[in-house]
Amino acid sequence: MSTHARVTAPGTDGVHHHTCTLCEAGCGLDVTVAGGRVTLIRGDRHHVSSHGYLCPKGTALKDLQYDPDRLTRPLIRDAGGLIASDTEAAFVRVESLLRPIIDQHGPDSVGIVIGNPAVHRTGIVLYLLDLIAALGSPNVYSSASLDQIPKQTASGLMFGDFYSVPVPDIDRTDMLVIVGANPVVSNGSMWTVPNAKGRLRDLRARGGRLVVIDPRRTETAELADLHLAPRPGTDVYLLAAMLNTIVAEGAVSLGDVADHVAGLDELQVAVAGLTPESAEPRCGIDADAIRQLTHDLCASSSAAVYGRMGTTTQLHGTTTSWLIDVLNVVTGNLDRPGGAMFPRPAAFGGNTNGEPGRGPGVAIGRYHSRVHALPEVMGQFPMATLADEILTPGDGRIRALITIAANPALSTPDSAAMQHALQSLDALVCLDVYVNETTRHADVVIPGPSPLENAHYDVFFSQYAVRNTAHLCAPVLDTPDTVIDDDETMLRLVAIVAGAGAAADVDRLDDELTEQLLADVPPEFRPAVLQSVAPRRRSARRLDLALRAGPYGDGFGERPHGLTLAALEQAPSGIDLGPMTPRVPDALRTPSGRIELAPPELLDALAVAIADLTEPPEFILIGRRHLRSNNSWMHNLPVLAKGATRCTLLVHPDDAAVLGLVDGDTAQVSSEVGSIEVPVELDDGLRRGVVSLPHGWGHDQPGTLLQVAALRPGTNTNLLLDRARRDIVTGTAALNSTPVAIRSLRTVVDPAE
Ligand SMILES: Nc1nc2c(c(=O)[nH]1)N[C@H]1C(S)=C(S)[C@@H](COP(=O)(O)OP(=O)(O)OC[C@H]3O[C@@H](n4cnc5c(=O)[nH]c(N)nc54)[C@H](O)[C@@H]3O)O[C@H]1N2
Ligand SMILES: Nc1nc2c(c(=O)[nH]1)N[C@H]1C(S)=C(S)[C@@H](COP(=O)(O)OP(=O)(O)OC[C@H]3O[C@@H](n4cnc5c(=O)[nH]c(N)nc54)[C@H](O)[C@@H]3O)O[C@H]1N2
Ligand code: SF4
Ligand SMILES: [Mo]
């Protein structure tokens, strides 16, 4: 535990310890305040997981704090557009907008959209389920279905809980195979690994091997011993061929989990037909290379295979995610140090509650979406079908939307349809901090505190951390009087959709809702449990309850030295809870109490993939991320926006020559659903036939208030993506691997003229 002193009161001059909440790494910050203003942000050297590491976005939290375009008052629409208002008037307007729609058309007519930053805001996360329950609409959408639901579904079906996602033990492994992820830029996803680049370098320095499977030679691939560049969307064949090789060579080795595995026979049958030779023409990787990689994986004293966005946002995203963990199991690398392991988070862990080793498992498709009958997964429908649900007439059509830190106008495939859908809503209520491509359509915008004005505990990402830690941080600065904190905003929305009104007593509501959380506690113990967390309220109370009931918790007095919120308050750089340790069978929550290697839904999906003999298109579009950019926002900060233009189409020089393109030309890129013009940048690190554009750009829409971003707006790649291209199991958007046509727009000057 760190012992160095902390400054407690927000706004006090001195160095405050804080957390960067922009991405999953959650780096520790030392924030210097002088004269009431933030003057410097550095990495916290004592921080329990980031040890002083920081990327350029972390220091830019200062610029975000003082960005003149960041909202510090609610906005309400009147005839002249969005005008500054106050909190009371904003909630009264929200009630007058939403209640009549709910009363007349039922709760289904209101949708909730949860965006990426929402999962990094403790107050929002801890009240999300209350809001969803109070509304009672099945129309819940989140960025998870633009991203990770395939991985969570595969993990859920194999291990029994959607949050039981094994993570590579990067600091101890001898071999790491990264499939479709770029942690050097992203700093890990569903894998909390601050300073991924430094850790990958350390891995190689200690003699470990790094293999990257990615159609582009990414910043991560640059560090690798081996880079294989498959055709996008075909990892399923590559991975199945690796499994086929292991089975054919009798090399299955289950290691310590051998007594806890089911479905090996069915799995062996399922991959029997897919030899490396048959996979080669489909994935574009030589059969010999597939065999060699498989042999190396089996021979390594420890190894982990990891896959992210490139593997999940595909037609076969869930199937691919599943095969990745099957490889970890059959090579004996699941649940062993240096392999792929289950963290043991201090609170909110999906696999630390209930009976160890067994559980109800997960179900998908308990109900289906109205227009395309897509399955519910984790209580949500796919974002890719949100526009359909707004635009298609009929009973149950979405007429009003609440967005919570989401920018679907830029983030979802087929953005033209999404923009049209947003315009056609009867009511749009946005919790957001900018007037951007989505919120410009809003009737009400309610901002929350900035990251530096927020207290923070990482509810989700401590579940994926490469080392078990717990960290809490207090606000560095006071929130202005014109902004209310996220807990209060969420409670007020709960009250409104539940029919209690904008003026409801939210403290009483909070008491009632929090008591409901104690449903599993015998009634006679509830008063004592609540007394032990008094006088805390709201998210702090919920957090204390979760920590104390958690695996390291004090059990409300049963284990006097156990973890409490108070203990975290005394450790401003966080508490180390030790390395990951083997957790099978205790971490399993499947009904069988086993690791399910062959869930029937996934065997079916693999058969569909194998039967799919569609010819590959001439050009395939994939995405990319940049260290100085964060999805669709943060483009309004000069410190991050400076430098070369980032929204470029990467094209292989040989492809460019065929297309008649040179560096800096403008190309027209067209797909089934749209056409855009973008500057071309040559990149010989791409597989031939693959082009790449980042997402989150297109800040040239009228009515936005993003003065810096508008200077270099970039182009929205999601105008090209087809919302009907979805993962066949979960409906998650297939953001990577869109077939496109490319044409040079260079004006050919006739030399005779
Ligand atoms: N083509 C393509 N599309 C993609 C992707 C891709 O790789 N390719 N990636 C997908 C992925 S993985 C994701 S997660 C999504 C992300 O897409 P979204 O979920 O839309 O998230 P962001 O783009 O981060 O937009 C965040 C919104 O939150 C607001 N915001 C920021 N901070 C706060 C805050 O503190 N409080 C509130 N109330 N609002 C805040 C911002 O102003 C912005 O409007 O995009 C997806 N879209
Ligand atoms: N700097 C920065 N960091 C971020 C974000 C950001 O916007 N900027 N966003 C955050 C969010 S919301 C997320 S979800 C994470 C994402 O974290 P990552 O998944 O690590 O990031 P991506 O850059 O999307 O990496 C996907 C990789 O898949 C490759 N790829 C595309 N198609 C295929 C394919 O078919 N097969 C294979 N094998 N590879 C393929 C792409 O070339 C790309 O390198 O990053 C987070 N961190
Ligand atoms: S990697 Fe960068 S953006 Fe992510 S938490 Fe750390 S400092 Fe923030
Ligand atoms: Mo994401």
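General observations
- When only Cα pairs below 8 angstrom with a gap of at least 6 residues are kept, the chain shows a relative contact order of 20 percent.
- Its residue count N fixes a reference of 2.2 N^0.38 Å for the stretch 585-708, and the Cα radius of gyration divided by that reference is 1.52.
- The alpha carbon radius of gyration of the stretch 126-226, expressed as a multiple of 2.2 N^0.38 Å, is 1.34.
- Tail weight of P(r) past 15 Å, computed on alpha-carbon pairs of the stretch 563-640, percent: 81
- Restricted to Cα atoms, the stretch 476-580 shows a radius of gyration and a Dmax of 16.1, 48 angstrom.
- Karplus-derived 3J(HN,Hα) values for the stretch 513-522, using 6.51 cos²θ - 1.76 cosθ + 1.60 with θ = phi - 60°, are 5, 5, 4, 4, 5, 8, 4, 7, 8, x Hz; glycine and proline are entered as x.
- Amide proton proximity set for Gln380, modelled H, under 5 Å, gap of 5+: none
- What the Cα convex hull of the stretch 249-310 gives, in volume per residue, is 132 Å³.
- Amide hydrogen neighbours beyond the local backbone of Ser692, cut-off 5 Å, H modeled: Ile622, Leu650
- Note on His51 and Arg746: with the Förster distance fixed at 41 Å, the Cβ-Cβ geometry gives a FRET efficiency of about 0.25.
- Label-point separation, Gln516 to Thr614 (7 Å along Cα→Cβ), nm: 4.2
- Most to least packed among 37-49, 700-712 [average Cβ atoms within 10 Å]: 37-49, 700-712
- A simple packing score, the average count of other Cβ atoms within 10 Å per residue, orders the peptides 447-457, 150-160 as 150-160, 447-457, with the highest score first.
- Remark: Thr514, Thr319 ranked as Thr514, Thr319, counting other beta-carbon atoms within 10 Å and listing the fewest first.
- Phi angles across the stretch 461-478 convert, under the Karplus curve 6.51 cos²θ - 1.76 cosθ + 1.60 with θ = phi - 60°, into 3J(HN,Hα) values of 7, 6, 6, 10, 7, 6, 9, 6, 9, 9, 8, 10, 9, 9, x, 7, 10, 6 Hz, Gly and Pro given as x.
- Entry note, the stretch 1-90: relative contact order of 17 percent, from Cα contacts under 8 Å with a spacing of 6+ residues.
- By the Stokes-Einstein formula, at 1.002 mPa s and 20 °C, the chain with its Kirkwood radius over alpha-carbon pairs has D equal to 81 µm²/s.
- Nearest-0.05 FRET efficiency for Arg508 and Ala9, computed from C-beta distance (R0 22 Å): 0.15
- Lysines with Cα under 17 Å of Lys197, excluding same-chain neighbours fewer than 8 positions away: Lys57
- Using θ = phi - 60° in the Karplus curve 6.51 cos²θ - 1.76 cosθ + 1.60, the 3J(HN,Hα) couplings for the stretch 711-726 round to 5, 9, x, x, 10, 7, 4, 5, 5, 8, 7, 8, 6, 7, 8, 9 Hz; x is entered for Gly and Pro.
- The order of the peptides 423-436, 645-658, 248-261 by mean Cβ neighbours within 10 Å, most packed first, is 423-436, 645-658, 248-261.
- Share of alpha-carbon pairs per 10 Å distance bin for the stretch 280-338, given as whole %: 21, 44, 32, 2
- The share of alpha-carbon pairs in the stretch 426-500 lying farther apart than 18 Å comes to 57%.
- Within the stretch 95-179, the proportion of Cα pairs with more than 15 Å between them is 72 percent.
- DSSP-defined antiparallel bridges as percent of all bridges, the chain, nearest 5: 50
- Length-normalised contact order for the stretch 347-432 - Cα pairs under 8 Å, 6+ apart - percent: 22
- Toward the positive end of the charge dipole of the chain, with +1 on the Cβ of Lys and Arg and -1 on the Cβ of Asp and Glu, the farthest Cα among Thr482, Thr87, Thr59 is that of Thr59.
- Its Cα gyration tensor gives the stretch 646-715 an equivalent ellipsoid. The semi-axes, each the square root of 5 times an eigenvalue, are 26, 13, 10 Å from largest down.
- Value at 222 nm in deg cm²/dmol, rounded to 500, when DSSP H runs of n ≥ 4 in the chain each add -39,500 (n - 2.57): -8000 deg cm²/dmol
- Under-5 Å amide H pairs with Leu472, H placed in peptide plane, nonlocal only: Gly574
Bear in mind these aren't lab numbers, they're just calculated from the coordinates by the rules spelled out. Being a predicted model, the structure only gives us computed values, none of them experimental. All Cβ positions, glycine included, derive from the backbone under ideal geometry; neighbour counts span all protein chains shown.
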